[in-house]
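Input: a single structure, listed below in C-alpha cells.
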Amino acid sequence: MALAIAGVTLAAGAAGEDVIVKAVVEPGVVPVGGEATLVISVQGKFSKSSNPELPPLENFTVYQAGTSQSFSFGTGGSSSSLQFTYVLVPKNPGTFTIEPIRFQTGDKIYTADPVTIEVVQSPTQVRIPESTEKSRPGEKADQPIFIRGTVDRDTVYVNQQVTWTLGFYTDGRLGITRTPEYSPPAAEGFWAEELPSQKSSYRQIQGRQYLVNEVKRAFFASAPGKFTIGPARVDLMIDDLGRRPRDSSFDDFFNRSFGSFGFGKPVSLNTKEIPVTVLPLPARGRPANFSGLVGGGLELTLQADKNVAQVGEPINLTLEIRGDGNFKTMSAPELAQPDGFKMYESGTTSDLYKKDLIVSGRKKYEYVLIPQVEGAKTLPPVTVSYFDPAEKTYKTIQSAPIHLDVKPGTAEEGRRVVIAGSGEDIEVLGRDINYIHPVPAVIRPWSGSDGLGVLYVALHALPLAAVVGAIFVERRRKRLRSDIRFARASRAAREAEKKLGEARRLLNQGQTREVYPAVSAALRGYIADKMNASASGLTGDDIERFLAEKGAAAEDLEKLKAVLRTCDSAQYSPVGSEGPGGGSPAETIELAAETVRVFDKRYLS
Amino acid sequence: MRRPYVIAAIAVLVSAVSVFAAAELVSARPAKPSPSVAGRFREVFAKGNALYEQGDYAGAVEQYVSLVGAGITDKDLYYNLANAYYKNDDFGRAVLFYERARRLAPRDRDVRDNLALVRLQLRDKQFVRDENRLVRAVAWLHDNLNAKEMTLVGSLCYLLLCVLGIVFVFRDSAAVSAAYRWISFVSPGRLAGLTRTQDLLLALAVVSFLFVSTGVSAYRKTAQESGRRVAVVVGPEAAVFSAPVEDATLQFKIHEGTLVRIREERKAWVRINLPGGLSGWVSASAVERV
C-alpha cells in the first residue's frame, strides 16, 4: 500500500552537527478528504521552546495532533528527541511537495528534506463519515463536543443484524479532564452483542473538523414489530478553564484514564431513541425444516471421527454450521437416527466472531453413534435451511453423506455363520433382544438370603470340631506311644477294671479262693501303673507313702488298706473262712472297684 | 490303628450331614402363594405378554410393574419387564430389571444376551474386568451362580478343607497311607514327585484358596442382596456432585443404565462409587437399587 516514508533528511548544517530533523508523511497516497499524518522528529541538543516551522500548505487542512519528547544520557552529555505530529486533510487531488520544514534552535536553523504526497480523487471515500450515517434531527453539529446514535438500517427482519453506532465528536475547542463514562442503550426485544472498539478518525462536518470516537453494538430482534433502541448516555468532565490544545491522547479516547481527581464541569450527553421496524420472515417459500436461522454465507459439514468401527464401538459425529448470523439463538437441526445405529446427543459448542462489524460464528452439534449391526452403512446428508436477508430468500444447505464400515464386534464374531462351500456369509441385517418368556407354570418366588440362619452357620462348627478332635486324638496317640509313664497312668484304671472283671468271672465259676489274689493284683497293679513302678516289688509302705503324697484322705487310704488286708488274709487263711474284715468275695470285688474309682477320680486322675 | 480311621469317617459323616442340612436350609422357600394369588399372577402376567405382543409396551410395563409392586419376585417377570422397558427406550430400567433377573437366574441365556445387547447401546462406557485365568475361573463361578448356590459351593469347599485337614492329621496312619496309595494316582503333586505330606499340603492350599474365593463371593453376593448396594442410573442423565447439596461442584455426569455402587445415603442423596475411583453424590431419585 501507500504507507511509506515520504522523506528523510539530515540536518542542513555541516557534518558533525548535533541536531537531526526528519519529516515523514504516511500514507504516501491519500484520497481527497482523507487523512495523512505528518511526523517531524528532531534529535540532538536543542532548546525546549523550539517549534518546527511548516511551509505554506494551501492544499491541506492542517491540525496539530500532539507532541512527545524523550531524553537520553550518554558519554557525550544529554540529548533529547522531540516528535511533532500533524494531521493533513487534502482538499484537492494531485501530487504535492511539502517544502523543507525549518527548525530553529538558538542561532541555528535546521531543515528537513522536502516530502511528497499524492492525493487521489476517490468518490467513495470523499466525506465518508457524513455520507454513511443517518443524522438524527436535533443534534447540533456546530457544538465543540456532541454524541450521535445511528443505525445502519432501521428496517430489518427478525434475527437480522442491526448495527448501532455511538459517535463521540469533539473538535478540540474544549478539553476533557476525565475519562467519559458510556452507558449503553436499553433495547427491549433485542439480543445485543458488543462489537470491537473502533479506531478514532477525523471527519468534517459543516466545515469543522471533528475527532470521532465510535462504539458499536449489534442488535438482533427476536420477534417482528416496532421496537426502539433507547438513548445511550456519555458522562464526561469538560475543562471549563479555557481551550486546551488538541492532544493525541484522544486517539484512545474510551480506553484512557485521566485519573479520578479530574476538575472541570460535569456534562451528560444523550443520544436520541431510534425506532426500528422488525419485519416477520416471509411465509412464502419457507422450507419445512426451517428452524429460524437468519444469516448469510452459511456452510454445513458433517464429520465422523472414524469410518471403520466395530458393532458397539462409539463413533463421534460432528455437525458444524458456520457463517454470518446470530448462532446463539439457533436451535439444533433435526438429525434422524440412522438405521442400524443408536444415536445420542453429546454436546453443543458455539464460537462467535465479529469480523468487519458483522456478527458471525460457528456452532457444533456433537453426537455419539453406536453401530448395532455390521455392514457398510451410509449416513444420509443433513440439510439446514436459513433465511438470507440480503437476498430476501430462503436457502438450503446440505452436508455430504458419510460412509461407514461396521465390523462385527467382539460379541458379534461368535455369531457369524459361515456356510461351507461357495456361498456367501450370512449377513446379519438386524439385532434385537430375545423375546419375552411365557407365563411360568409354577410361581417360584425367590426367598433371597433369608434361608441362611443361625443353624446353618452353627452346623459349620461340626467339621471344625472334628478337625480339632482329630488333632487332639493324634497328639494323645503319639504321647501314648512315646511316654510309658503317661501310657501306664492312662491305662491304669482300665487295666484294674479288666482284672476285677476277671475276678468276677472266677467268682461266677465258684473259684472263690482265686478271687482274692485277682482283686489284690488289680489294686496293686493300678497303684503300680500310677507310680510307674513294678507291682511285684511294691510294699504297703510304698503304696501308703505314694498315696499320702497325692493327698489321699486317711479314710480312703484306710479303705484301700482294708481291701488289701482282706485279700492277703484270704489268700493265706483256711478254706471256707472269710477275710478279717468279714467281706465276702463279691463284696471285696465291689469294694475294690469302688476304691479304684475313688482314687482315680480324687487323687490320681 | 483303627481309631483314627473311625474318627476320620465320623468327621466326614458329620460334615456331610451338616452340608445336607445346609443344602436343605438353603433351598428353603417361602410358603407357596395361595391358588387365588397364583391365578391372579398368571392372569396379569398373561395380559402383560399379550400387550407386549401387540406392541403396547407401555401397557405391558404397567401390568408387569403391578406384579412387582405386589411383591412377586420372579425372574421371568423381571425379564419380561426389562424387555418392555427396552422397547420403550427406557434403557436404564431395562438394565435394572435384567440385572435383577440375572441375580435370580445367572445362567439364563436370554437374560445374559439381552443385557449384553442393551449394554452395547448405553452411552457410558461399561466397566470390563481384565483378569488372569485363575481369577477368571472364580469370576466365572461368581457370574454363573446366584448367592445361595455360591453359598453351597463355599460350604462344600469348607467341608472338603476339613476332611483334608483330618486326613493330614492322620497322614501317618496305616489307613490314610493305604488310601493315599490309591487316590494319589490322580494327584498332580504325587506325579510331580512330592512326598505325601507335601502333596497333602498342596491340596490343602488349593482347597483353601477355593474356600476363600467362593466364601468371599458368597459373602459379597449375600451382602449385595441384603444391603442392595448395587444400583442403576434410571434417568437419562445423572449429575454427580462433590457434596450432597445443590450448589456443590458438578464433577461429572453419568447416563442411564450405568451400574454404580452405593456407599452412603443421606436424605435425598446417595454417595456412589464407579470403577476407576470416580465417586460423588447423586440425587437418590436418579438411581435405583438392583
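Values in this text are rule-based calculations from the coordinates and carry no lab data. Computed from a prediction, not measured in an experiment: that's the story for all the values here. Please note: Cβ atoms are built from the backbone with ideal geometry, for glycine as well, and neighbour counts cover all protein chains shown.
Here are a few things to note about the model shown:
- Close amide-amide hydrogen proximity is noted between A:V120 and A:V30, A:V32, A:G94, each under 5 Å apart and 5 or more residues distant or on a separate chain (H modeled in the peptide plane; Pro and chain starts excluded).
- Each of the peptides B:268-277, B:111-120 was scored by the mean count of other Cβ atoms within 10 Å over its residues; in descending order, highest first, they stand as B:111-120, B:268-277.
- Here's how it looks for B:V290: its modeled amide H is under 5 Å from those of B:V230, B:A231, B:V232, which are all 5 or more places away or on a different chain.
- Relative to the compact-globule estimate of 2.2 N^0.38 Å, the Cα radius of gyration of the range B:133-227 comes out at 1.28.
- Remark: mean inter-chain Cβ contacts per residue of A:479-487 equal 0, using a 10 Å Cβ-Cβ cutoff to other protein chain atoms.
- Within 10 Å of the Cβ of each residue in B:44-51, the mean number of Cβ atoms contributed by other protein chains is 2.
- Using R0 = 60 Å, the C-beta based FRET efficiency linking A:K265 and B:F252 works out to 0.55.
- Other protein chain Cβ atoms within 10 Å, averaged over every residue that makes up B:160-168: 4
- Packing, taken as the mean count of other beta carbons within 10 Å per residue, orders the peptides A:320-333, A:340-353 from highest to lowest as A:320-333, A:340-353.
- Listed peptides A:361-369, A:106-114 appear in the order A:361-369, A:106-114 once ranked by packing, highest mean of other Cβ atoms within 10 Å at the front.
- Trypsin sites (Lys or Arg not before Pro) restricted to the range A:192-234 and DSSP loop, no more than 15 other C-beta within 10 Å: A:K199
- Whole-Hz ³J(HN,Hα) from phi, Karplus 6.51 cos²θ - 1.76 cosθ + 1.60, for the range A:501-512, glycine and proline x: x, 5, 5, 5, 5, 4, 4, 5, 7, x, 8, 5
- Amide hydrogen neighbours beyond the local backbone of B:T73, cut-off 5 Å, H modeled: A:W446
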